[in-house]
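Enquirer: Got a structure for you, written out below as structure tokens; questions coming shortly.
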Amino acid sequence: MDALTAKTALEKGKASRHEFEGLHYIRLHDSVARLPKGSVRLDDGTVVPGYPSIGRIQALGPGLAKQYGDELFWAEEKIDGFNIRILAHQGRLLAFSRGGYLCPFSTDRVPELLDPTLFDDHPGLILCAELAGPENPYMEGSPPHVTEDVALFVFDIRRAGANGFLPQEEKLALAERYRLPLARVFGRYRADDQQALHALILELDEAGCEGLVFKGETRGARSKYVTARSNITDIALVSDALLDLPPEYFTHRLMRLALFESEHRGDDTALEQELGRALLRGLGRAVERSRSVGRVGHRYRCRFREKRNLEHFVAHLEATGGPQHVKILYQPTHQEDGYWVLEFERVLPRMTGTLAHSLSGGAQFD
């Protein structure tokens, strides 16, 4: 994205200007000149391409056959986290969200989650990663193998100014040399390796993992496939937001669950019970929250190394979510174990209003 393209995107309302501690950048909120939305142009002309959308396979066997044919592909773990792109710029590490915002939280934590000498030795590298864990301020869920705080999982690497991602072997070599935290790579397969892939996805399902990402070795085609329990976990985490999310959030997951069971297991009474609990317990949680505090929302806790980044993050929350929908529960004036800890709640307005009306005795007309 050269200066003229950026100027045109701004004039057409497809981009906007932003600033963070003296860093000026342009963020695309629509695709422009083959760059996906979320792409960023920094003040020195460096372009951070947006991460492309990946198609979802709904049925594993037919999906792999159609997408890859006889091509070899890699299978990696799909991580339930916050998608970021990391680069070194003018002596500091920066982390941009998938939407193209500089993320104060990720930028604060990334320097302690990877070896920064990678960028000294290889200027211009951009890491694509997931930031995941129970103290992620953007996500309700967490991978089962991250039980506290947050962890980083790199899944792709690219070079600024170059098309596409580094080949898998080069990515793995850099990860080994610099001890990069990688999303698990399970190896190479072909579409007809059904028995091995079936066993792998059931193993991930049993462990409560989200699923797999497939990356073609020659054409670079990418696709993703999720486990049955990842759908149930998603529903369990946000069923108290039933009225605040689009209906497709739930119907898509129910369809994926049905297709997974049909292909891999057939009838599973235990899973049916898990699904029922996921829906009803979340809704029950919403009712109890409405009774006890008069609102329904999702609570978050996160840690910052620098207090100024915490303050930037709070300002970002209030600017993007609106102060009426973000309630700061605890903003520290001192450090805990070397970190500034922030606790906040994202209020769910429709569930809050509907339950307040119902519990006060209001009538509903169907």
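The values are calculated or read from the model by the stated rules, or taken from the named source; none is laboratory data. This structure is a prediction, so every number in the text was calculated from the model and none was measured. Ideal geometry is used to build each Cβ from the backbone, glycine not excepted, and the neighbour counts take in all protein chains shown. The area values use the complete protein model at the heavy-atom level, side chains included, leaving out ligands, DNA and RNA. Shrake-Rupley method; radii C 1.70, N 1.55, O 1.52, S 1.80 Å.
Enquirer: Among the candidates LYS37, LYS78, LYS7, LYS14, single out the residue that is among the charged types (D, E, K, R) and modelled with pLDDT of 95 or more. Spell out how you get there, then give the answer.
Expert: Values: LYS37 fails: modelled with pLDDT of 95 or more; LYS7 fails: modelled with pLDDT of 95 or more; LYS14 fails: modelled with pLDDT of 95 or more.
Residue meeting the stated conditions: LYS78.
Enquirer: Please enumerate the residues belonging to region 326-346 that are farther than 16 Å from ARG308 by Cβ and either charged (D, E, K, R) or open to solvent by less than 30 Å² (accessible area, probe 1.4 Å) (or both). Please lay out each step first, then the result.
Expert: The initial filter retains those residues of region 326-346 that are farther than 16 Å from ARG308 by Cβ, namely 326-330, 336-337, 343-346.
Result: VAL326, LYS327, GLU336, ASP337, GLU343, PHE344, GLU345, ARG346.
Enquirer: Quick one: in region 332-366, which of the residues that are in contact with a strand residue (DSSP E or B) (Cβ under 6 Å, 6 or more places away or on another chain) and in a loop (DSSP other than H, G, I, E, B) is nearest to TYR101 (Cα to Cα)?
Expert: Applying the first criterion (in contact with a strand residue (DSSP E or B) (Cβ under 6 Å, 6 or more places away or on another chain)) to region 332-366 yields 332, 339-348.
In the following step, the residues that additionally are in a loop (DSSP other than H, G, I, E, B) were identified as 332, 348.
Details: PRO332: 25, LEU348: 23 Å.
Step by step, filter region 332-366, then rank; the result is LEU348.
Enquirer: Name the pairs whose Cβ atoms lie under 9 Å apart, with the first residue in region 36-51 and farther than 17 Å from ILE86 by Cβ, the second open to solvent by less than 10 Å² (accessible area, probe 1.4 Å) and assigned to a loop (DSSP other than H, G, I, E, B), and 6 or more positions between them or separate chains?
Expert: So the pair list comes out as PRO36/GLY50; LYS37/GLY50; LYS37/GLY100.
Enquirer: Moving on to the next point. Would you mind telling me which numbered condition in (1) closer than 20 Å to ASP80 by Cβ; (2) at pLDDT below 95 ASP268 fails?
Expert: Only one criterion is unmet by ASP268, namely (1).
Enquirer: Inspect all residues belonging to region 308-316 and state whether any of them is without any contact (Cβ under 8 Å) to a residue 24 or more places away in the chain, surrounded by 12 or more Cβ atoms within 10 Å (Cβ to Cβ), in the same structural domain as LEU242 (by TED's automatic domain parsing) and not hydrophobic (A, V, I, L, M, F, W, C).
Expert: There is no residue in region 308-316 that is without any contact (Cβ under 8 Å) to a residue 24 or more places away in the chain, surrounded by 12 or more Cβ atoms within 10 Å (Cβ to Cβ), in the same structural domain as LEU242 (by TED's automatic domain parsing) and not hydrophobic (A, V, I, L, M, F, W, C).
Enquirer: Let me ask something else about it. Inside region 327-349, can you point out the residues that are free of Cβ contacts under 8 Å to residues at least 24 places away in the same chain and closer than 28 Å to VAL287 by Cβ?
Expert: ILE328, TYR330
Enquirer: Going through region 170-207 one residue at a time, which ones are of a type in the set (Asp, Glu) and farther than 26 Å from LEU114 by Cβ?
Expert: Step one: filter region 170-207 for residues of a type in the set (Asp, Glu), giving 170, 176, 192-193, 203, 205-206.
Listed by number, the residues that qualify are ASP192, ASP193, GLU203, ASP205, GLU206.
Enquirer: Can we say PHE119 is over 27 Å from THR233 (Cβ atoms), open to solvent by less than 30 Å² (accessible area, probe 1.4 Å) and touching a residue at least 12 places away in the same chain (Cβ under 8 Å)? Talk me through it step by step, then tell me what you get.
Expert: Details: over 27 Å from THR233 (Cβ atoms): yes; open to solvent by less than 30 Å² (accessible area, probe 1.4 Å): yes; touching a residue at least 12 places away in the same chain (Cβ under 8 Å): yes.
So PHE119 passes the test.
Quick grid of which residues meet (1) in contact with a Phe, Trp or Tyr (Cβ under 8 Å, 6 or more places away or on another chain); (2) under 19 Å from ALA88 (Cβ atoms); (3) among the β-branched types (Val, Ile, Thr); (4) open to solvent by 50 Å² or more (accessible area, probe 1.4 Å):
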position	(1), (2), (3), (4)
ALA3	no, no, no, yes
ALA9	no, no, no, no
SER16	no, no, no, no
VAL32	no, no, yes, no
ASP44	no, yes, no, yes
PRO49	no, yes, no, no
ALA59	no, no, no, no
GLY63	yes, no, no, no
PHE73	yes, no, no, no
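Enquirer: Just wondering, is there one or more residues in region 62-71 that are over 30 Å from GLN194 (Cβ atoms) and of a type outside the set (Lys, Arg)?
Expert: Here is the first cut: in region 62-71, the ones over 30 Å from GLN194 (Cβ atoms) are none.
Taking every residue of region 62-71 in turn, none turns out to be over 30 Å from GLN194 (Cβ atoms) and of a type outside the set (Lys, Arg).
Enquirer: So which residues in region 250-269 are open to solvent by 50 Å² or more (accessible area, probe 1.4 Å) and assigned to a helix (DSSP H, G or I)?
Expert: Residues of region 250-269 open to solvent by 50 Å² or more (accessible area, probe 1.4 Å): 251-252, 254-255, 258-259, 262-263, 265, 267, 269.
Across region 250-269, the qualifying residues are THR251, HIS252, LEU254, MET255, ALA258, LEU259, SER262, GLU263, THR269.
Enquirer: Further question on the same structure: Scan region 161-173 residue by residue and report those that are crowded, with 16+ Cβ neighbours inside 10 Å and assigned to a loop (DSSP other than H, G, I, E, B).
Expert: PHE165, LEU166
Enquirer: In region 273-307, which residues are of a type in the set (S, T, N, Q) and crowded, with 17+ Cβ neighbours inside 10 Å?
Expert: Result: SER290, single match.
Enquirer: Sticking with this structure for a sec: For residues in region 131-156 being open to solvent by 40 Å² or more (accessible area, probe 1.4 Å) and either in a strand (DSSP E or B) or of a type in the set (D, E, K, R) (or both), which is farthest from CYS103 (Cα to Cα)?
Expert: This residue is GLU148.
Enquirer: In region 104-148, which residues are hydrophobic (A, V, I, L, M, F, W, C) and in contact with a helix residue (DSSP H, G or I) (Cβ under 7 Å, 6 or more places away or on another chain)? So that I can check it myself, show each step before the final result.
Expert: So in region 104-148, the residues hydrophobic (A, V, I, L, M, F, W, C) come out as 105, 110, 113-114, 118-119, 125-129, 131-132, 139, 146.
If the condition is that a residue be hydrophobic (A, V, I, L, M, F, W, C) and in contact with a helix residue (DSSP H, G or I) (Cβ under 7 Å, 6 or more places away or on another chain), then PHE105, LEU118, LEU125, LEU131 are the ones that fit.
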